[in-house]
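S.K.: This is the structure I want to talk about, given as structure tokens.
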Amino acid sequence: MLLPSACTASILGAVLIILSSFFDEHKTLTLGSKAPDFHLPGTDGKTYSLSSFAKSNVLVLIFTCNHCPTAQAYEQRIIQLTKDYSSKGVAVAAIMPNDPNAVRLDELGYTDMADSYDEMKRRAKEKKYNFPYLYDGKTQSTAKAYGPVATPHVFIFDKDRKLRYQGRIDDVEKPTKTPNSFDTRAAIEDLLHNKEVAVPSTKVFGCSIKWGEKEASTKKENEEWAKMPVNLEMIDEAGIRDLIHNTSDKVRLINVWATWCGPCVTEFPDFVIINRMYRQRDFEFISISADDPTKKEKVLSFLKDKHASNKNYLFSVDDKYKLIEAVDPNWQGALPYTILVEPGGKIVYGKEGKINPAEMKKLIVDNPSIGRYY
């Protein structure tokens with residue numbers, strides 16, 4: 001039988017072995033190393049490997065993604081980098097390293113798209129990427145071979161495909177500011193002029209890689225959401241008008257719905273997801289039920305089933321036309337009805353019928369009160 005001290009030492013030893021194995025598995029590729037080969041699907045439907053870039057003397061691989069605010073801040077700079085160097089024998093390709101199932105909803109507060117392959121396709125099309133955008137989220141085998149620390153993380157290889165630079169794109173995240181050190185461009189220029197890279201390595205600032213080991217965290221998040229209290233309050237015309245006037249500093253997404261309304265019920269989970277994505281930002285989702293005031297228990301039961309821990313109201317007056325006028329005089333009365341209200345009460349979006357969740361997320365994150373960057 002082991003003594004307590006021996007037991008502790010044994011446990012610590014096992015933990016250290018596990019940690020050592022974890023960090024070894026995700027170790028960043030060392031300078032001078034040959035580029036590990038890969039076979040990855042691109043958003044253009046093609047499959048890419050190192051041989052796809054054989055004609056280029058310099059290969060720039062950038063590990064980046066859809067959801068990270070830092071990655072989004074560098075999107076246009078990567079596009080410009082490709083424009084500036086594609087005619088000079090430099091190939092640029094982006095690799096998405098994250099396991100989409102390891103990204104929590106509350107990590108999507110600065111984006112309208114997560115890191116799935118389908119959403120990568122949408123992103124590449126929307127932003128008109130002029131470089132291959134490759135998906136490594138299924139196995140993360142390429143990410144494990146290269147060991148990016150964060151998104152974005154740049155790896156630059158010479159014509160022999162030896163690593164000559166790894167690190168950041170530049171030293172300033174915000175697109176509205178001017179960098180002091182253009183590290184990636186400087187490394188490319190050195191290689192094009194057959195020079196040693198003056199600064200071959202830098203630290204990398206951005207979002208951590210979402211390794212598959214983090215999938216357990218997303219499951220825990222769902223369990224935590226399920227435990228949050230769900231409440232329902234009564235609200236009258238004056239209360240609704242106060243909501244619309246929006247004296248808060250938050251963008252308000254307001255959905256008017258009812259338990260007897262089929263489209264309302266089927267789309268409600270989309271609002272729950274949107275709320276979980278943006279609730280840590282200057283945003284709040286509010287639901288207003290148009291059910292009969294006597295149906296409070298039925299409404300609350302539905303909300304609890306959907307884990308709707310946002311602000312929920314039931315209109316207290318048995319006159320739906322008063323509800324219509326209080327919410328928005330432009331609303332003709334069909335359910336569901338959704339509006340997006342800026343601080344100060346300006347309605348910037350109004351729609352009868354089901355929303356398009358992708359369009360709504362984009363409207364929210366692109367609103368000046370929210371934004372995609374820190």
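S.K.: Being in contact with a His (Cβ under 8 Å, 6 or more places away or on another chain), under 27 Å from Gly109 (Cα atoms) and aliphatic (A, V, I, L, M) narrows it down to one of Val256, Val272, Val265, Val251, so name that one.
M.R.: Of Val256, Val272, Val265, Val251, the one residue that is in contact with a His (Cβ under 8 Å, 6 or more places away or on another chain), under 27 Å from Gly109 (Cα atoms) and aliphatic (A, V, I, L, M) is Val272.
S.K.: While we're here: Among the residues of the stretch 118-130, which ones are part of a helix (DSSP H, G or I), open to solvent by 10 Å² or more (accessible area, probe 1.4 Å) and touching a residue at least 40 places away in the same chain (Cβ under 8 Å)?
M.R.: Within the stretch 118-130, Glu119, Lys121, Arg122, Ala124, Lys125, Lys127 qualify.
S.K.: Would you confirm whether any residue within the stretch 257-270 is acidic (Asp, Glu), touching a residue at least 40 places away in the same chain (Cβ under 8 Å), in contact with a Leu (Cβ under 9 Å, 6 or more places away or on another chain) and in a helix (DSSP H, G or I)?
M.R.: No, the stretch 257-270 contains no residue that is acidic (Asp, Glu), touching a residue at least 40 places away in the same chain (Cβ under 8 Å), in contact with a Leu (Cβ under 9 Å, 6 or more places away or on another chain) and in a helix (DSSP H, G or I).
S.K.: A follow-up question, please. Is there a residue in the stretch 94-117 that is surrounded by 19 or more Cβ atoms within 10 Å (Cβ to Cβ), among the hydroxyl-bearing types (Ser, Thr, Tyr), outside any loop (DSSP other than H, G, I, E, B) and touching a residue at least 40 places away in the same chain (Cβ under 8 Å)?
M.R.: no
S.K.: Are there any pairs with C-beta distances below 9 angstrom linking a residue in the stretch 330-349 that is farther than 26 Å from Val265 by Cβ and modelled with pLDDT of 95 or more to a residue that is open to solvent by 10 Å² or more (accessible area, probe 1.4 Å) and in a strand (DSSP E or B), with the two at least 6 apart or on different chains, and if so which?
M.R.: Pairs found: Glu342/Arg252; Glu342/Val348; Pro343/Arg252.
S.K.: Looking only at the stretch 43-53, decide whether some residue is under 13 Å from the mean Cα position of the chain (by Cα), closer than 20 Å to Val154 by Cα and part of a loop (DSSP other than H, G, I, E, B).
M.R.: No: the stretch 43-53 contains no residue that is under 13 Å from the mean Cα position of the chain (by Cα), closer than 20 Å to Val154 by Cα and part of a loop (DSSP other than H, G, I, E, B).
S.K.: Inside the stretch 161-195, can you point out the residues that are touching a strand residue (DSSP E or B) at 6+ places or on another chain (Cβ under 8 Å) and open to solvent by 60 Å² or more (accessible area, probe 1.4 Å)?
M.R.: Answer for the stretch 161-195, where residues must be touching a strand residue (DSSP E or B) at 6+ places or on another chain (Cβ under 8 Å) and open to solvent by 60 Å² or more (accessible area, probe 1.4 Å): Lys162, Arg168.
S.K.: Going through Ser51, Ser21 one at a time, which residue ends up being at negative phi and modelled with pLDDT of 50 or more?
M.R.: Exactly one of Ser51, Ser21 is at negative phi and modelled with pLDDT of 50 or more, namely Ser51.
S.K.: Restricting the stretch 306-321 to residues that are hydrophobic (A, V, I, L, M, F, W, C) and assigned to a loop (DSSP other than H, G, I, E, B), which is surrounded by the fewest Cβ atoms within 10 Å (Cβ to Cβ)?
M.R.: Val317
S.K.: Scan the stretch 234-243 and tell me whether some residue there is modelled with pLDDT of 95 or more, surrounded by 13 or more Cβ atoms within 10 Å (Cβ to Cβ) and under 20 Å from Tyr110 (Cα atoms).
M.R.: There is no residue in the stretch 234-243 that is modelled with pLDDT of 95 or more, surrounded by 13 or more Cβ atoms within 10 Å (Cβ to Cβ) and under 20 Å from Tyr110 (Cα atoms).
The values are calculated or read from the model by the stated rules, or taken from the named source; none is laboratory data. If you're wondering where the values come from, they're calculated on a predicted model, not measured in any experiment. All Cβ positions, even for glycine, are placed from backbone atoms using ideal geometry, and neighbour counts span all protein chains on display. When the accessible area is computed, the model is the full protein with side chains, heavy atoms only, and any ligands, DNA or RNA have been set aside. Shrake-Rupley method; radii C 1.70, N 1.55, O 1.52, S 1.80 Å.
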